[in-house]
Every structure is written in structure tokens, then in C-alpha cells.
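Everything below concerns the one structure shown next.
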Amino acid sequence: MAELIIAPSVLSMDYTKMLEQLRALEASKAEWIHYDVMDGHFVPNLSFGPDILKQFRKSTDMFLDVHLMVTDPEFFAPVFKDAGADMIVFHTEALDNDPVRVKELLDKIHAMGVQAGFSIKPDTPAEPFLHLVEDADMVLVMSVYPGYGGQSFIPEVLSKTRAFAKARDERNPKCRIEIDGGINDKTAKEAKANGVDTLVAGSYVFKRDIVEAVESLC
């Protein structure tokens, strides 16, 4: 399995202390920043647009992992690529869970010169998309329902991370398996034991000492 990467979600950042917390992330073992884009349609909440991502790009050299929770990822992928994304991840459900359309968008994002991945919600089966690890830099398995805060980790999704990890090992060892939702020091251990090599954590990191919280996930 690939080296573990921690990707703190800046959705939980205290924006009155943005630069201070960004410097703490840089001083920690976190290598990526996870940036959630919610359109108020695909999911109930609204979050960040491209202009805030541009400010992150100006402020840090950390890898920007952009998670599109939007109805029209085909439109928004180039918008966020231009804003500075290093990785763009979109939802299969936004493309009617059509593996052909998912592959087409992965290819389109790669053609823009950035890394590409796809995500599935907790209720979406993994099987139709296992072969697409060949075409993806990352698969993101949601361990909560996207767009709702304060949810508990859904352990049943670990069967999906195992399935994607097995497909990854057989088809494309460079493809990362990411998990997002309810990650803390305990659930991180469960995830890592089930094929996950990339952990997204939001409130767990930003509601305590950032460096120590990241360390506890490693």
C-alpha cells in the first residue's frame, strides 16, 4: 500500500485564523489540503467557490485536493483547475452512475494536466466502478452522507474501500484510496486496516491542536 497521506478538510477551518492554521498544517505531517465544493443542489449545503481556492494556492504549496459535490462536475472541473487544483474528484452520482461518463470526465481532467478521481456516496455500490481504478489517480469513498455535518462514521463502507483496494492492487497500484467523513484517531485505524491510504479529517483536526491531531491519525 502507498504511503499514508493526511488531507485535512478546510471546511472546518477557523477562517478568522486562516493563515495561522495554514502554517500549522504546513508544520504538521499533513501533505494535502482537502477542499470541499458544495453547490446547494447536489448536496444541501453551499461552500467554497474558485476564488477562495485561488487564495489557498497563493498562500501555500500544499497539494490541493478538490472534492466537487456538484450537479455539473463537467462544467466545474475546468473552473477549479484554473483556480489551482492539483486533484479534482467528482461524484459518480452526478453522472447518473454511468461508468462511461465517469471515465470520460476522468480523461477530460487528465487532459487539463491535473490528477483526477471519483467519489461514491455510502449507498452507491462499488462494483460498477472497480475497473475504473485503471483510469483514476484516486477513489474517494464517503463514510458519511455528503452535505450534512455532525454525522457518525459509517463502518459498512469499509467493504467498499477493501474492494477498491483489491482492484487497485490488481490494476493500478498508483491509485489512492481516500475516505472522508467521521475520521478520528479510532476510525482512522479502521480505515487504514481496510485498504485506505488517504485520510480526510475536518473538525477532528481543526478543533484541537492541529499538529498533534494530524500526528494521531498517522
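Among the listed residues 157, 133, 114, which satisfies the condition of being without any contact (Cβ under 8 Å) to a residue 60 or more places away in the chain, touching a Cys at 6+ places or on another chain (Cβ under 7 Å), more than 22 Å from residue 40 (Cα to Cα) and not hydroxyl-bearing (Ser, Thr, Tyr)? Before the answer, list the steps.
Working: 157 fails: touching a Cys at 6+ places or on another chain (Cβ under 7 Å); 114 fails: touching a Cys at 6+ places or on another chain (Cβ under 7 Å).
After ruling out the rest, the residue left standing is 133.
Each row is one residue, and each column tells you yes or no for (1) touching a Ser or Thr at 6+ places or on another chain (Cβ under 7 Å); (2) assigned to a loop (DSSP other than H, G, I, E, B); (3) farther than 25 Å from residue 27 by Cα.
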position	(1), (2), (3)
48	no, yes, no
56	no, no, no
61	no, yes, no
64	no, no, no
84	no, yes, no
93	yes, no, yes
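Does region 132-144 contain any residue that is under 30 Å from residue 17 (Cβ atoms), under 15 Å from the mean Cα position of the chain (by Cα) and of a type outside the set (A, V, I, L, M, F, W, C)? Reasoning before the result, please.
Quick first cut of region 132-144, residues under 30 Å from residue 17 (Cβ atoms) only: 138, 140, 142-144.
Imposing the further condition that a residue be under 15 Å from the mean Cα position of the chain (by Cα) reduces the set to 138, 140, 142-144.
Filter once more, so that each one left must be of a type outside the set (A, V, I, L, M, F, W, C): 143.
Taking every residue of region 132-144 in turn, at least one turns out to be under 30 Å from residue 17 (Cβ atoms), under 15 Å from the mean Cα position of the chain (by Cα) and of a type outside the set (A, V, I, L, M, F, W, C).
Those residues that are within 21 Å of residue 217 (Cα to Cα) and among the acidic types (Asp, Glu), I need them from region 21-53; list them, please. So that I can check it myself, show each step before the final result.
Let us first name the residues in region 21-53 that are within 21 Å of residue 217 (Cα to Cα), namely 21-36.
Residues satisfying the conditions are 26, 31, 36.
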Answer yes if at least one residue in region 130-138 is touching a strand residue (DSSP E or B) at 6+ places or on another chain (Cβ under 6 Å), crowded, with 16+ Cβ neighbours inside 10 Å and assigned to a strand (DSSP E or B), and no otherwise.
yes
Tell me, yes or no, whether region 69-82 has at least one residue that is modelled with pLDDT of 95 or more, hydroxyl-bearing (Ser, Thr, Tyr) and assigned to a loop (DSSP other than H, G, I, E, B).
yes
Hey, can you tell me all the residues within region 95-129 that are part of a strand (DSSP E or B) and surrounded by 21 or more Cβ atoms within 10 Å (Cβ to Cβ)?
116, 117, 118, 119, 120
Inspect all residues belonging to region 163-179 and state whether any of them is closer than 17 Å to residue 10 by Cα and outside any helix (DSSP H, G or I).
yes
Within region 184-203, count every residue that is closer than 20 Å to residue 26 by Cβ and at pLDDT 95 or above.
4
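State yes or no: is residue 92 buried (at least 18 other Cβ atoms within 10 Å of the Cβ), under 26 Å from residue 188 (Cα atoms) and among the hydroxyl-bearing types (Ser, Thr, Tyr)? Before you say what the answer is, go through the steps one by one.
Values: buried (at least 18 other Cβ atoms within 10 Å of the Cβ): yes; under 26 Å from residue 188 (Cα atoms): yes; among the hydroxyl-bearing types (Ser, Thr, Tyr): yes.
Yes; evaluated as a whole, the condition is true for this residue.
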Can you work out which of the residues in region 180-216 that are within 13 Å of the chain's Cα centre (by Cα) and not in a loop (DSSP other than H, G, I, E, B) is nearest to residue 14 (Cα to Cα)?
201
Give just the number: which of (1) surrounded by fewer than 17 Cβ atoms within 10 Å (Cβ to Cβ); (2) at pLDDT 95 or above does residue 150 not satisfy?
(2)
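Can you give me the number of residues within region 20-46 that are at negative phi and not in a strand (DSSP E or B)? Even if it seems obvious, please write down each step before you answer.
Step one: filter region 20-46 for residues at negative phi, giving 20-39, 41-46.
Checking which are not in a strand (DSSP E or B) leaves us with 20-31, 41-45.
The total comes to 17.
The values are calculated or read from the model by the stated rules, or taken from the named source; none is laboratory data. As the structure is a computational prediction, the values presented were derived from the model and not from experiment. Reconstructed Cβ throughout: ideal geometry from the backbone, glycine too, with neighbour counts over all protein chains shown.
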